[in-house]
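All remarks here apply to the structure that follows.
Just so you know, all these numbers are worked out from the coordinates, no wet-lab data involved. Computed from a prediction, not measured in an experiment: that's the story for all the values here. Here the Cβ positions follow ideal geometry from the backbone for every residue, glycine too, while neighbour counts run over all protein chains shown.
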Amino acid sequence: MSTELESTRRALRDAIAQAEHAAELARLLDAAQARLVEAEHHAAEAKALTERLTDAEERLESERAAAEKLRKELAEQRFQAEVANWKLSSIKVARWNRLGDAIRTGKSNPVRLARGLKGAAKPVKRPVAPKRKPIAVTSKDKDERPGAAYQATTSVRTLNGASFRLKPFRVPTGPNTRPHLTAAVIADPHTEALLRYEWRQTTGFTPRDFARVLPQEVPHLLVVESVTKGPWAEEITGEPGEGLKALLAWCAERGIRTVFWHTQGDAAPYAAAAELFEHRFTNDLTVGWPRLHFGVQPRVHNPIPLSGGRIDRVLTLDQLLPEHLTYPDVLTSYRWPAAVTCPPGTPQWVLAELAACNTSIGTEPDDRRAHVALRRAHATGTMSERTDELLEAIGLPAVRATLNTSVMLPVPDSALLEHALAQVARQSGVTQMVVFAWRGAEQRVREVLTGVDVVFRDLDPAASTGAMLDHGLDLCEGDLVAVMDPRDIYGAHYLADLRRAFLFSTADIVGKAAFYAHLRKPQATLLKQPDAEYSYLPEIAGATLLARRNTLRELGFADLTDGWDEVMMRQCRADGIKVFSADRFGYVRVREEDRWLLGAAQLVEYGSAEPHALI
């Protein structure tokens with residue numbers, strides 16, 4: 001009996017405990033439900049506030065646009081008022097008007113009339129016509145040129161407690177490779193810097209304001225990188241966010257192509273979002289999407305040095321690139337040391353960018369190795385070439401300016417023909433040859449220069465070199481025109497290295513003010529102006545001339561055999577035409593003797609120049 005009573009009591013206690021537990025669960029459930037209702041209420045309030053904020057921003061933008069329009073109209077009215085006042089003042093001081101006043105006031109007084117006519121006959125300074133003044137830029141206005149607002153933020157570097165002040169690398173504002181194409185881009189600062197020169201680029205829009213920002217210049221494509229920071233990071237990782245879905249729907253309605261580019265980290269967190277895009281690319285070999293790797297961007301990854309030159313030290317990569325640097329500051333650091341040691345596992349794109357800035361990678365500086373590494377960095381692909389791949393893959397035209405080259409080669413001495421043709425035949429990127437040689441040499445020229453459009457003209461012994469070049473220029477069809485001297489030596493990479501300068505400089509003429517020379521009589525190898533590498537300096541040698549065809553048409557060639565290049569350089573200085581001196585490699589001036597060179601260049605050694613110049 002007692003056992004049954006104890007069992008009943010136990011069951012009763014368990015039932016009471018379960019009831020209390022159920023009551024606690026019910027209470028917790030009610031509390032959770034209340035919090036959920038409160039959260040939904042707050043979410044609704046937040047949504048309403050967001051809509052009100054968006055509406056307010058749109059009204060503010062509309063008011064700003066209206067104010068800007070009124071400001072421009074007011075400036076125009078002021079200018080027109082100044083023009084009217086100027087016209088009135090001009091009429092008052094005009095000679096015919098002053099003569100009329102003199103006649104009107106002196107018609108009853110001959111003395112006054114004579115004095116008035118004499119005064120009216122004197123020249124009077126006319127008022128200066130007003131000029132239309134540029135409208136002041138408001139704080140809201142911004143320069144949309146690539147790189148205009150993307151500059152270095154610090155000029156100080158610290159090594160072992162010592163501070164060094166640098167003059168930062170100035171990020172160029174152009175030119176733009178495809179000005180006809182607009183891309184909306186969501187990317188980190190590094191990728192944004194690589195792409196900004198490839199098209200007109202819209203950045204900085206957010207999930208909240210893209211519908212207001214993008215219609216101002218509707219893009220042809222949307223490129224989204226696998227970013228880890230910023231307002232879009234949460235939208236593209238894990239479950240795709242509503243902002244991303246809305247952006248892609250907006251693009252779909254307008255036929256805008258959408259691209260997802262995985263560039264960093266594990267691809268798995270981005271997989272769901274990437275599936276919403278029309279096209280997907282990756283630089284990870286383990287991911288099964290089409291490949292799209294980084295390339296060097298010649299506008300910012302180039303050998304143009306800092307104004308203060310390099311520090312005479314070899315730095316580690318950690319010393320060179322501390323964590324706090326922005327990417328424009330990184331571009332300054334790339335150009336700072338004499339050399340950089342990079343540990344195993346350094347990303348290939350970092351090594352390529354360092355090499356493209358002509359910085360030695362290794363334990364000691366080596367100009368020759370640095371130049372070869374620069375050449376290889378470009379050979380692996382530039383961002384223009386990567387963008388071509390992207391555009392072709394998604395079905396947009398990859399149209400951009402070319403650097404097709406015509407070469408002019410006058411050969412006045414028949415003994416130099418074979419040597420001269422050998423120098424040209426080893427060049428790459430030559431689409432046309434204009435050759436002046438003696439009658440009967442045409443067949444040999446065509447035999448050697450296969451695969452090239454050859455224009456042959458018989459040599460006129462009475463014509464100067466400048467006259468032949470001026471005539472040959474009319475026959476050239478390439479975007480660029482080169483002049484080569486049949487006496488000199490040109491390496492296999494000569495023209496390719498020179499053409500590269502047009503990718504990062506703003507010059508219309510490129511050549512070499514720094515170069516090696518070999519004098520046969522004393523068997524001396526010389527180096528002229530080694531400090532003139534990679535600088536704007538209108539003193540290049542005529543035998544290294546590579547120029548835009550239209551610029552040469554405007555300049556023309558002086559009717560001289562010796563000195564036509566000096567005349568052209570003087571004209572460039574007078575007309576403000578930019579001339580860029582490239583590297584010292586790939587070319588050797590060969591002469592029997594040259595007293596001017598002996599006095600103006602430094603002696604390298606007695607022996608051949610080719611081991612020094614041709615790499």
Report the normalised scattering of segment 69-109 as log10 I(q)/I(0) at q = 0.15, 0.27, 0.33, 0.34 Å⁻¹, calculated by the Debye formula with identical scatterers on the alpha carbons. -0.52, -0.84, -0.96, -0.98
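Given the chain, what whole percent of its Cα pairs are spread farther than 35 Å? Don't skip to the answer; put the middle values down first.
Details: 112937 of 188805 pairs.
Pairs farther apart than 35 Å: 60 percent.
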For the ranges 171-177, 106-112, 75-81, what's the packing order if you count other beta-carbon atoms within 10 Å of each residue, average per peptide, and put the highest first? 171-177, 75-81, 106-112
Candidate cut points under GluC sites (Glu not before Pro) in segment 386-494, DSSP loop plus at most 14 other Cβ atoms within 10 Å of their own Cβ, are Glu477
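Note down the magnitude of the dipole of the chain about its Cα centre, charges +1 on Lys and Arg C-beta and -1 on Asp and Glu C-beta and zero elsewhere, to the nearest 20 debye.
Working: 78 positive and 80 negative charges, 908 e Å.
The dipole of the chain has a size of about 4360 debye.
So, counting K/R as plus one and D/E as minus one, what does the shell of residues with Cβ under 13 Å around Glu6 add up to? Present the calculation step by step, with values, prior to reporting the outcome.
Values: positive: Arg9, Arg10, Arg13; negative: Glu4, Asp14.
After counting each charged neighbour, the total is +1.
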Treating every alpha carbon of segment 333-389 as one equal point scatterer without solvent, the Debye formula yields log10 I(q)/I(0) values at q = 0.21, 0.27 Å⁻¹ of -0.76, -1.11
So, counting K/R as plus one and D/E as minus one, what does the shell of residues with Cβ under 10 Å around Phe585 add up to? 0
Here, segment 482-576 modelled as identical Cα point scatterers in vacuum has Debye log10 I(q)/I(0) at q = 0.15 Å⁻¹ of -0.63
May I ask you to compute the full-extension gain from His419 to Asp460, defined as 0.36 nm times their residue separation minus their alpha-carbon distance, rounded to one decimal in nm? 12.7 nm
Dipole of segment 359-477, positive direction: furthest Cα of Leu449, Leu409, Ala379, with charges on the beta-carbon: Ala379
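For segment 398-487, run through the trypsin sites (Lys or Arg not before Pro) and keep only the ones in DSSP coil with at most 14 other Cβ atoms within 10 Å of their Cβ. Can you show the working numbers first?
Values: sites: Arg400, Arg426, Arg439, Arg444, Arg446, Arg457, Arg487; in loops: Arg400, Arg426, Arg439, Arg487.
Loop-located and lightly packed - Arg426, Arg439.
Mind giving me the FRET efficiency for Asn160 and Glu323? R0 is 25 Å, r the Cβ-Cβ distance, nearest 0.05 is fine.
Working: r = 17 Å, r/R0 = 0.69.
In this case the efficiency is close to 0.90.
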Which length gain, in nm to one decimal place, applies between Glu605 and Arg553 when the Cα-Cα distance is subtracted from 0.36 nm times their residue separation? 14.7 nm
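Please give me the summed charge of the neighbours of Thr258: other residues whose Cβ is under 10 Å from its Cβ, Lys and Arg +1, Asp and Glu -1. The partial results should precede the final answer.
On the way: positive: Arg257, Arg280; negative: Glu278.
Result for the local shell: +1.
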Over 22 Å between Cα atoms, which of Lys87/Lys131; Lys72/Lys92; Lys72/Lys131; Lys512/Lys578 qualify? Lys72/Lys92
